[in-house]
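Step one of this worksheet: look at the structure below.
What follows is calculated from the coordinates using simple rules that are stated; it is not laboratory data. Only a predicted model underlies this, so the values are computations on that prediction, with no experimental measurement involved. Positions of Cβ are backbone-derived with ideal geometry, glycine not excepted, and every protein chain shown enters the neighbour counts.
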Amino acid sequence: MQTSSEVRRYWLPPRVVGADLEVPLITGGTAAYANLDHAASAPCLEKVALAVNELLPWYASVHRGAGLASTVCTGIYEDSRDVVRRFAGAETDAAVVYTRNTTDAMNLLAHAVPAGTAVLCFGSDHHAALLPWRDARLLPMPESPEDALVLLDDALSGCPAGHRLVVLTGVSNVTGEVWPVAELAAAARRHGARTVLDAAQLAAHLPLRMAEWGIDWAALSGHKIYAPFGAGALVGRGDWLQKADPYLAGGGAASQVGEVAGRLAVDWHNVPERHEAGTPNVVGVHALAVACEVLSGCGWAEVAAHEEALLKRLRSGLDAIPGVRLLSMWGPAGRSVGATSLIVDGTDAALLAAVLSAEHGIGVRAGAFCARPATRALVRAAGAGPEGNALRASIGLGTTPAHVDRLIAAIGSIVRTGPQRKFEAVDGAWFPVPDPRPPIGIAHGRMAERAAALR
């Protein structure tokens, strides 16, 4: 009989599309692409791509057609709600409303929040969790997970009577640090507040347990969990959503449309159809559901062990390079998943990312990661300038130890000797000059044209 350690030793992550991708280098030749930008958009799982290809011959309108293909697509679309509900660990009667992504899901809930609701957010959250709300109260970046509980408890104690909503983040978009979701949700409940969880960065790395944690809503994106076909979901309570006007008014949201005294008279559907006007993205929803099934079935303990080993390897290697500073809210003692951000003394993060791509075939992200207040504060705390930009490397099921080692070696080389070729900035982005790589598609062709203007 195999022990759990033996099972884990021989466990292989599900394969992703693009695992064998070769990219051209400006130094000549090609390199196997090292995708270390999973936190922005994770690559497509091969099983998801296969499922999408199987559906495409049957692709037809949902809820609108009498043909067999429409019936099949309608069944796939509706059955997927149960899959997503289970993946989120939600109550069996939780609503599942399909959206484009986490940002769209958060905006849907913000649309449904009753007037006068006191909304509390941490200022260190992603823009998707910060920007949709009207007059949200911002809490400062906590100094520790325990401090987050104190800050929230104090803020809720000072809230006026009435509806209250606390916006929580599962995992930091900047640092990969895991927030104490269950404890924060319990603190919110003690004050009679509801909670919504931005699960975009959490859902690919750790299991969601909405019911266990006492979370009222969770928002997630397919493109973060290896299903990049344009679907996301808002999962949770239906009462506020049911009382709100449709998020979008149009076909599918109305059960009856008539005319009374020269004016439209409309009866709206119940949730979830109430907020899903227009032809639904059945392909994206099917991809999302398949990704949920694959992640749930491949073993969360194995996923965690795989990623923890890679993240430890990544951070220890980067930490040993002179001039590299890793960003963190709470220091190395806390749990992190998926991502790490850094700055390099004297080097623009955008230039570093461009060199890693053009000379080493490594994909990372530079900037503020749609979490500008958090990134700016962390960069300043690390002793860098006020621009608030950093470089983020993020891992997932498609990451190998060889990818991590290449990144560490490449950054070490750039720190020691600089880029091998000349780079110049155009509108804040860096490009190699000249760029001998052949144009690949429209986007790369346009990039090459902009770089050519510098020659």
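State, to one decimal in nm, how far the label point of residue 71 lies from the label point of residue 405, with both points 7 Å from Cα in the Cβ direction.
Each label point lies 7 Å from its Cα, and together they span 5.6 nm.
What order do you get for 50-60, 344-354, 295-305 when each peptide is scored by the mean count of other beta carbon atoms within 10 Å, highest first?
Peptide ranking by packing, descending: 344-354, 295-305, 50-60.
Bin all alpha-carbon pair distances of the stretch 305-393 at 5 Å intervals from 0 and give each bin's fraction as a whole percent.
Answer for the stretch 305-393: a P(r) of 3, 14, 24, 27, 21, 10, 2, 0 percent.
How much of the DSSP bridge set in the stretch 48-297 is antiparallel, in percent, rounded to the nearest 5?
So the antiparallel bridges amount to about 55 percent of the total.
About its Cα centre, how strong a charge dipole does the stretch 105-251 have in debye, to the nearest 20, once Lys and Arg get +1 and Asp and Glu get -1 at the Cβ?
480
For the pair residue 264 and residue 58, how long in nm is the line joining their label points, each one 7 Å along Cα→Cβ?
3.4
On a 0 to 90 degree scale, rounded to 10, what angle separates helix 102-112 from the longest Cα axis of the chain?
30
Give, in whole angstrom and from largest to smallest, the semi-axes √(5λ) of the equivalent ellipsoid of the stretch 48-297, with λ running over the eigenvalues of the Cα gyration tensor.
32, 24, 13
With runs of 4+ DSSP H residues as the only contributors, calculate the mean residue ellipticity of the chain at 222 nm using -39,500 (n - 2.57) per run, divided by the residue total and rounded to the nearest 500.
The helix-only estimate for the chain comes to -11500 deg cm²/dmol at 222 nm.
Taking N as the number of residues in the stretch 73-157, what is its Cα Rg relative to 2.2 N^0.38 Å?
The stretch 73-157 yields a ratio of 1.36.
Show me, for the stretch 233-250, the HN-Hα J-couplings you get by feeding each phi into the Karplus relation (A = 6.51, B = -1.76, C = 1.60, θ = phi - 60°), rounded to Hz, glycine and proline as x.
Here the 3J(HN,Hα) series is 7, 10, 10, x, 4, x, 5, 5, 5, 5, 7, 7, 4, x, 4, 10, 9, x Hz.
What are the residues whose amide H is under 5 Å from the amide H of residue 21, where those residues sit 5 or more places off or on another chain and H is modelled from the backbone?
Residues meeting the amide H criterion: 33.
Dipole of the chain, Cα-centred, from +1 at each Lys and Arg C-beta and -1 at each Asp and Glu C-beta, to the nearest 20 debye?
Roughly 640 debye for the chain.
Do you know the relative contact order of the stretch 307-389, to the nearest whole percent, from alpha carbon pairs under 8 angstrom that are 6+ apart?
24
What is the spread of the Cα atoms of the stretch 1-118 along each of their three principal axes, largest first, in whole Å?
56, 50, 47
With the Cα gyration tensor of the chain in hand, convert its eigenvalues to equivalent ellipsoid semi-axes via √(5λ) and list them largest first in whole Å.
Value: 38, 28, 23 Å, ordered largest first.
Any idea which of 291, 161, 255 is furthest toward the positive side of the dipole for the stretch 48-297, if Lys and Arg beta-carbons carry +1 and Asp and Glu beta-carbons -1?
It is 255.
Along the charge dipole of the stretch 363-444, Cβ charges K/R +1 and D/E -1, which of 397, 423, 377 sits furthest on the positive end?
It is 377.
Using the crude model of +1 on Lys and Arg Cβ and -1 on Asp and Glu Cβ, and no other charge, please compute the dipole size for the stretch 48-297 relative to its Cα centre, in debye to 20.
420
Counting only the backbone N, which residues of the stretch 274-296 are under 16 Å from the spot 7 Å out from the Cα of residue 257 toward its beta-carbon?
274-280
Determine the percent antiparallel among the DSSP beta bridges restricted to the chain, to the nearest 5.
That works out to approximately 70 percent antiparallel.
Which distance in Å, rounded to a whole number, links the C-alpha centroids of the stretch 107-174 and the stretch 193-264?
Distance between centres, Cα-based: 18 Å.
Using each residue's phi in the stretch 62-69, evaluate 6.51 cos²θ - 1.76 cosθ + 1.60 at θ = phi - 60° and report the 3J(HN,Hα) Karplus result to the nearest Hz, with x for Gly and Pro.
Listing the rounded values in order: 9, 6, 10, x, 9, x, 4, 4 Hz.
Quick one: which residues, 5 or more positions from residue 16 or on another chain, have an amide H under 5 Å from its amide H? H modelled 1.01 Å from N in the peptide plane, none for Pro or chain starts.
Distant-sequence amide H within range of residue 16: 46.
Once fully extended, how much extra length lies between residue 319 and residue 189, figured as 0.36 nm per residue of separation less the alpha-carbon to alpha-carbon distance?
Here the segment from residue 319 to residue 189 would lengthen by 42.8 nm.
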